[in-house]
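The values are calculated or read from the model by the stated rules, or taken from the named source; none is laboratory data. All values reported here derive from a predicted model rather than from experimental measurement. Reconstructed Cβ throughout: ideal geometry from the backbone, glycine too, with neighbour counts over all protein chains shown. Heads up: the accessible areas ignore ligands, DNA and RNA and are worked out on the full protein's heavy atoms, side chains in. Shrake-Rupley method; radii C 1.70, N 1.55, O 1.52, S 1.80 Å.
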Amino acid sequence: MRDILAKNKDLKNLIFDTTGVGYFEPTKKIPEIADLNEALQKGRVDGVKITVLTEVELPKADAVYEIAIKGLG
C-alpha cells in the first residue's frame, strides 16, 4: 500500500506506524482523499479506504499530515 501511495508526487517521506496510521510531509499541493483512494483502487488494494486527512503538529517538523485508513483488518 505504501508503494502505491508513494507514487503520488504530493506525498513526501510517506511512512506508516505499527497501527496503520500514515504520515507525510506535504509539497506545495496537499492531495485530496479521493485521489489517494483512487490510487489504491488502481493499485488493486480492495477494501482499504483513506477516511481522514488531518494536519498534525509533530516536534522538530514544520507540518506532517496523518492518514487514517479503514479496512486493513
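Which members of the stretch 1-16 meet the condition of being part of a loop (DSSP other than H, G, I, E, B) and either open to solvent by 60 Å² or more (accessible area, probe 1.4 Å) or touching a strand residue (DSSP E or B) at 6+ places or on another chain (Cβ under 6 Å) (or both)? MET1, ALA6, LYS7, LYS9, listed by residue number.
A single member of THR27, THR51 is open to solvent by less than 100 Å² (accessible area, probe 1.4 Å) and in contact with an Asp or Glu (Cβ under 8 Å, 6 or more places away or on another chain), and it is THR27.
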